[in-house]
1. With the dipole of the stretch 168-254 worked out from charges on the C-beta (+1 for Lys and Arg, -1 for Asp and Glu) around the Cα centre, which of GLY176, ILE234, ASN246 lies farthest toward the positive end?
2. For the stretch 51-58, just list the computed ³J(HN,Hα) in residue order, Karplus coefficients 6.51, -1.76 and 1.60, θ = phi - 60°, integers in Hz, with x standing in for Gly and Pro.
3. Out of residues 5 or more away from THR201 or on other chains, whose amide H comes under 5 Å of its own, with H placed 1.01 Å from N in the peptide plane?
4. Out of residues 5 or more away from GLY30 or on other chains, whose amide H comes under 5 Å of its own, with H placed 1.01 Å from N in the peptide plane?
5. In terms of solvent-accessible area of protein heavy atoms at a 1.4 angstrom probe, what is the ranking of LYS14, LYS24, highest value first?
6. Give the lysines reachable from LYS114 as a straight Cα distance under 20 Å; neighbours fewer than 8 places away on the same chain don't count.
7. Which percent of Cα-Cα pairs in the chain sits in each 5 Å bin, short to long?
8. Provide the per-residue ³J(HN,Hα) series for the stretch 86-103, in order, calculated from phi with Karplus coefficients 6.51, -1.76, 1.60 and θ = phi - 60°, each as a whole number of Hz, with x at glycine and proline positions.
Amino acid sequence: MEFFDSHSHFNDEKFEEDREEVIKSIYEQGITKTVCVGYNVSQSLHAIEISENTAFIYATCGISPNDIEDFSNQNLSKIEELATKDKVVAIGEIGLDYYWNKDNKEKQKELFIKQIEIANKLDKPIVIHTREAVMDTLKILKEHNVNKKGIFHCCPLNVELIKEGLKLGFYISFSGNITFKNAKSEEAVKMVPNDRILIETDSPYLSPEPFRGKRNTPSNVKLVAKKIADIKEISLEEVANMTYKNALNIYNIK
Ligand code: NI
């Protein structure tokens, strides 16, 4: 069985000590594709470097709302230039985060929209980070069509967001958050059709149960897949296969 972890961060410093070993071990455990996601200029460069050294890892580049200090015309040009590299499969992660930053909402929106424009110019999908900003995120996506659509990464278990996100043509990616106790995972997972669902770890963060609080690695994507299999009452293999195919589709990997 092979798994595609649609969103991980091998560029993170938590992998500084043993990055090569972890990369090798996840492949042996059947995680045969993942996308290393950038979130500012230097970490986008780092993600691309990792992808260029590892055949089964792809990269994204972008400036996240939590890295707004990187917002400048010069840096946006840099992102646009990096996004033309062979292993870059999307612009991201980009979006809105009112949990960590409430004081610069207008600036976050502007940065998000400018990067949607880059994605459209280069015909790339986007990877969306949205936290406590459901309405504004949907409003921007309704007003600014994204040609190649994209992914709600670590999708909040919010019925309105999932319903509208699907209607707009986006894919929904679930992470370890669906395994947490008291999470409203069942309704959320059942809402997403099998051809629009993805699995991810967002490692090194957000370890699924029973590893909560520990460093996460892409091998834990199996626990996310298992939870989806249980909720949808299908086999683990079916979840592995359909999420693999969906990730290849949205990231346009041949
Ligand atoms: Ni992430």
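The values are calculated or read from the model by the stated rules, or taken from the named source; none is laboratory data. From a predicted model like this one, the values you see are computed outputs, not experimental measurements. Methodologically, a virtual Cβ is constructed for each residue, glycine included, from the backbone with ideal geometry; neighbour enumeration extends over all protein chains shown. What goes into the accessible areas is simple: the full protein's heavy atoms, side chains included, and nothing from ligands, DNA or RNA. Shrake-Rupley method; radii C 1.70, N 1.55, O 1.52, S 1.80 Å.
1. It is GLY176.
2. Values per residue, Gly and Pro as x: 5, 6, 8, 9, 4, 8, 10, 10 Hz.
3. Counting only residues 5 or more places away or on other chains, the set is SER6, HIS7.
4. Close amide H contacts, sequence-distant or interchain: none at all.
5. LYS24, LYS14
6. In chain and number order, the partners are LYS78, LYS85, LYS102, LYS105, LYS124, LYS139, LYS142, LYS148, LYS149.
7. 1, 7, 15, 19, 21, 18, 12, 6, 1, 0
8. Values, residue by residue: 3, 8, 7, 10, 6, 9, x, 7, 10, x, 9, 9, 8, 6, 8, 9, 9, 8 Hz.
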